[in-house]
1. What number comes out for the charge environment of B:V67, summing +1 per Lys or Arg and -1 per Asp or Glu over other residues with Cβ under 14 Å away?
2. Let's test the formula: R0 of 22 Å, r as the Cβ-Cβ distance of A:R93 and A:N22. What FRET efficiency results, to the nearest 0.05?
3. Could you tell me whether region B:29-187 comes out rounded, prolate or oblate from its Cα gyration tensor? Rule is a ≥ b ≥ c as square roots of the eigenvalues, rounded for a/c under 1.5, then prolate if a/b exceeds b/c, otherwise oblate.
4. Output the pairs from A:K9/A:K118; B:K352/B:K443; B:K89/B:K136; A:K118/B:K136; B:K277/B:K566; B:K443/B:K480 with a Cα-Cα distance over 22 Å in this structure; if there are none, say none.
5. Work out the charge dipole of region B:216-277 with +1 on the Cβ of Lys and Arg and -1 on the Cβ of Asp and Glu about the Cα centre, then indicate which of B:L253, B:S238, B:I265 is farthest towards its positive end.
6. When every alpha-carbon pair in the protein assembly as shown is counted, what percent end up more than 49 Å apart?
7. So what J values fall out for region B:428-434 if you push phi through Karplus, 6.51 cos²θ - 1.76 cosθ + 1.60 with θ = phi - 60°, rounded to Hz, Gly and Pro as x?
8. Going by alpha carbons, how many degrees (0 to 90, nearest 10) lie between the helix axis of B:674-691 and the longest principal axis of chain B?
Amino acid sequence: MSVRRLAPKEVQPESFAFTDENLAWAEKAIAKFPAGRQASAVIPLLMRAQEQAGGWVSEPAMRYVGDMLGMAPIRVYEIATFYTQFQLQPVGRKAHIQVCGTTPCMLKGAEDLMKVCKKRIHAEPFHLSENGDFSWEEVECAGTCTNAPMIQVWKDVYEDLTPEDLDKILDAFERGEKPATGPQNGRHFSAPVTGQATLTSAELYDGSMVGKGAGLALAREAIAARANGEAPAAAPAPAAAAAAPPAPPKSDPAPAAAPPAKAVVAAGNADSEKPSKPVAPPPGGKAD
Amino acid sequence: MAKIIVDDIEVEVPAEYTLLQACEAAGAEIPRFCFHERLSIAGNCRMCLVEVKGGPPKPQASCAMNVRDLRPGPNGEPPVVLTKSPMVKKAREGVMEFLLINHPLDCPICDQGGECDLQDQAMAYGVDTSRYAENKRAVEDKYIGPLIKTSMTRCIQCTRCVRFTTEVAGVSELGAIGRGEDMEITTYLEAAMSSELQGNVADLCPVGALTQRPYAYHARPWELVKTESVDVMDAVGSNIRVDTRGREVMRVLPRLNEDVNEEWISDKTRYIWDGLKTQRLDRPYVRVGGKLKAASWPEAFAAIAAKVKGVAGNRIGGLVGDLATVEEAFALKSLLASMGSANIDCRQDGVKLDPALGRASYVFNPTIAGIEQADALLIIGSDPRREASVLNARIRKRWLAGNFPIGLVGEHVDLTYPYEYLGAGPDTLTDLVGEGTFAATLKGAQRPLILIGQGALARADGAAILALAARLAVSVGAVKDGWNGFAVLHTAAARVGALDVGCVPGANGLDAVAMTNPGGVDVLFALGADEIDIAPGAFVVYLGTHGDRGAHRADVILPGAAYTEKSGTYVNTEGRVQLANRAAFPPGEAREDWAVLRALSDVLGQRLPFDTLAQLRAALYAAHPHLARIDHVEPADAAGVIALAGAGGTPERAPFRAAVTEFYLTNPIARASAVMAECSALASSRLAAAAE
């Protein structure tokens, strides 16, 4: 963090106005808030203004957004300077590289990425490269720690980077291309980089295991027994175990562990047999 | 009410009290920086930490926790707050250490030194050493106007100034930009603040970050003699403290009076003091051959006596200016009466107010504090923000509390709160008496307030407008038992007092306009009358303080004492009688005005029957007993308003004009002040920019 100031006057544009499309979007965004609370829309509007203006918020843009929301300019200024996500200086035309420098990325080599930025863009963050195409900054955690180190450009993240990868990405941006986003080391999202270590059995995926669970068989027995009116005798065992899985006696872990497993599987089974049984709808979802 | 135990003392306080208020009720002192009784709660300085039992087991910010937030003990014991426990002591020391990490140690060159909250509290609650060896943060100073000097490195980010300007002054100009260690207080693009109450942020600032620019490096608080007095810049009668060093007024600060100004004063009140030192009349002058020549008191008196001799009583007149005390007005009236003249007037602006209509017809009947009880407001021909800034803050406070419809008839002005604009002139007012949605709003209100400004009354048809306003007040039920919502807002500090002692033309007397017209009177005694042009012809004796318009027109100038240099009574717009005390002495040969009038009466052979101020006051109180009740508002008989409502008159159609156009230049002292001139230039450039 450092003191954040508006760009010097000579850099500031004369004026700012939303495009028709953004204006329509902004009106919708404002309408989300109750009357008299329009000021709540200031952050999305400022962000949209930043996107429209090529990645930074100018002083006229702040006034424009303030006028739109009936806010004093100082109130917009406070917000724009508070959130580091708002750029107050012009950024690179082609890319503004945000290198994550928080612990996981730092341990995995973010400093090397920053060296690349310093070499290729500018020795200091928030400065434009000589041709004005690039700029860079160090940011706090962007939330892809599994794929550290990473950079963010506009709305995309580029993960699992080596300095060479970053060079390639910068080259691609320089050519005006859009490099492939996501992990750069061939890994699928945040899957283990060493390959899958669990659930590797092929039968899990070919359908041959469906209905083969041991717990499932037990549950079916219990259901059948209840239907036959023998409930008190047979049912308590799984039900009690499911309701209160206490710390099992250390001497004999296996039998105590089994009933909850049965219950869990029974629940899973109930889900798959939904059409025939009334079940509570999953939270937040639609009951069919 | 809830019971709570503070340091073994059980107190019963309202449940919505904060712990800080509850602790104060129990007599425990809680240090604080960001908390202020009249501002919203921020809870960001953490200095007010206390230990609680019945709440979270950690130090709690007592300003931001209510008594009702605490649970009783297991057996129903009241919750316990500890303000002297080891935990609290350690917490305060810790907070103080954090605050001082970045605070410069420049107390010896800081203007706040000696009256600094941080200094005092560091002494009381801090530790004596610092463990901090790193570099301190430095912050660029900001320009926020000609009145407030900034030293932003000293700022501890309490945000009192931001909350004051936004909430009380009603202008969102100051803000806190950046965050964390880099948070800085500034205005948008470092523009000068436009509020007329901005000087108060220097009082609110608990450190030396915001100080008074005109006072910078002038004096130390312990060198100053403090005199409690009353302000005369407007008719609010703000309570002030005048700080003097030797003969010089060094600064003016507000004094707490919940009924008048709470603890705010306007910038004109606060920064006027440099005008007390310039353009002063420090010796008598006599016009010889068209030019004013310095003279001695006997020469000046002789010149007056020579002129007055042989002039008939009804050819002599007197004007009472806007800054005159009641004693002076009374003395001048007595003097003129003894010379057989009924020509006296205090209404330089020609306002159509008359004591004959009853006192209720010219005072702010609901009282200033009463604004908070009102539930609807109609403003007629007034711009209270400029005519009475502190009173306007009170209206804003009431508006912030909610359910307060406000209508305005007159000029379209920014009052810092929204209002329904009803119209520009008397036509709208006439409509309101009959129908109109806002009339219905007023009728529906329990305690409607009708505020009439001088702009509506200082015109030829002023009497008709006053009657119309009274009729409106009566028709909407603003005048009833226990509530008189008929409020006349004055702009001149001396006006109500002068009206109280009857400084208006007697039988066959001439009013201010008639006296100052060509051929009006032969000899005119102008007691600080600077707001009126006196036509050539009359022999003008000017008794005043500054070389302003009145002195330029004068044939004899008698130097008087300004409001900080004499003891005198002022009656504010609500009819509150207040005493101004002498804080300094008049310059040179200038004397207190009542004494000058007394001496003059002797020379004129009409010796006034008092030799001391006490005798003068005794005579005054005998004639007008209510003036003896200092700091008291004598409720006026509402029958006056009801009688007034019956009066007729046809108003003209011209729109109302504001009584105060140049807020910073309304009186001779202000016009002599360089600070006020700068503020005025700034305000007019802002106005020009807004007009573009």
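Rule-based calculations on the coordinates, nothing more; no lab input. Since this is a predicted model, take the numbers as computed values, not measurements. Reconstructed Cβ throughout: ideal geometry from the backbone, glycine too, with neighbour counts over all protein chains shown.
1. Values: positive: B:K3, B:K53, B:R68, B:R71; negative: B:E10, B:E12, B:E16, B:E24, B:D69.
Net charge in that neighbourhood comes out at -1.
2. Working: r = 19 Å, r/R0 = 0.89.
It comes to 0.65.
3. Working: a/c = 2.41, a/b = 1.50, b/c = 1.61.
Cα axes put region B:29-187 in the oblate bin.
4. Numbers: A:K9/A:K118 26 Å; B:K352/B:K443 27 Å; B:K89/B:K136 25 Å; A:K118/B:K136 29 Å; B:K277/B:K566 15 Å; B:K443/B:K480 12 Å.
Too far apart for the 22 Å limit: A:K9/A:K118; B:K352/B:K443; B:K89/B:K136; A:K118/B:K136.
5. B:L253
6. When all Cα pairs of the protein assembly as shown are counted, 44 percent exceed 49 Å.
7. 4, 5, 4, 4, 5, 4, x
8. Around 80 degrees separate the two axes.
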